[in-house]
Amino acid sequence: RSYTTQNVTAGVQQVTRTGINIMTRDIRMAGLNPLKINQIGILEASMNKIRFQHDANGNGTIESDQDEDIAYLLNRNHQLIRQKDGNSRSNKSLINHVEDLTFKYVDREDEETGILEDIQSVEISLMVREPAGGNKFISRTYSTRVIFRNLVN
């Protein structure tokens, strides 16, 4: 039992860290707009979902096949979802057994905000809970703050 618990604990920690790292990498790029042709950035900012755009290939347009419009959310099946183009048909499940995913948006004065134009950073909290045998569960929560380095307000 001890071996199983340790294995599950290590797995939960790794999965949770991986989820945070994937979201962080993408979210940091929100608003990347090298040609300044279109107004892009954060499109949706709720407690359980973030959607944003970035011009990754630098051509001045947001292209659906280039992963330039991305959303992260938690679905009803307790999965962390990476969604392309705000389209529920293009969902990709990244992590299972997600108990909680929360986004908190912060402005330049370090105050919580819901105004898209004022958002400068986001605090992400991700909790994963997996069965460890014998009606036991292992939970891990990781939190981080991501600064939107491409949003200039």
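The values are calculated or read from the model by the stated rules, or taken from the named source; none is laboratory data. No experiment lies behind these values; they were computed from the predicted model shown. Every residue, glycine among them, receives a Cβ derived from its backbone with ideal geometry; neighbour counts consider all protein chains shown. For accessibility, only protein heavy atoms count, side chains too; no ligands or nucleic acids. Shrake-Rupley method; radii C 1.70, N 1.55, O 1.52, S 1.80 Å.
If you go through the range 78-89 one residue at a time, do you hit one that is touching a residue at least 12 places away in the same chain (Cβ under 8 Å), more than 17 Å from Thr18 (Cα to Cα) and open to solvent by 60 Å² or more (accessible area, probe 1.4 Å)?
Checked the range 78-89: at least one residue is touching a residue at least 12 places away in the same chain (Cβ under 8 Å), more than 17 Å from Thr18 (Cα to Cα) and open to solvent by 60 Å² or more (accessible area, probe 1.4 Å).
Scan the range 3-56 residue by residue and report those that are assigned to a helix (DSSP H, G or I), within 10 Å of the chain's Cα centre (by Cα) and surrounded by fewer than 13 Cβ atoms within 10 Å (Cβ to Cβ).
Asn21, Arg25
Considering Lys104, Lys92, which residue is at pLDDT below 95 and either among the basic types (Lys, Arg) or surrounded by 15 or more Cβ atoms within 10 Å (Cβ to Cβ) (or both)? Don't jump to the end; show me each part of the working.
Working: Lys104 fails: at pLDDT below 95.
One residue alone meets the criteria, Lys92.
Looking only at the range 111-128, how many residues end up being exposed (fewer than 14 other Cβ atoms within 10 Å of the Cβ) and either more than 20 Å from Arg28 (Cβ to Cβ) or at pLDDT 95 or above (or both)? Quick ask: steps written out before the conclusion?
As a first pass, look at the range 111-128 and keep what is exposed (fewer than 14 other Cβ atoms within 10 Å of the Cβ): 111-112, 114-115, 117.
After this cut, where a residue has to be either more than 20 Å from Arg28 (Cβ to Cβ) or at pLDDT 95 or above (or both) as well, the list is 111-112, 114-115.
Selection size over the range 111-128: 4.
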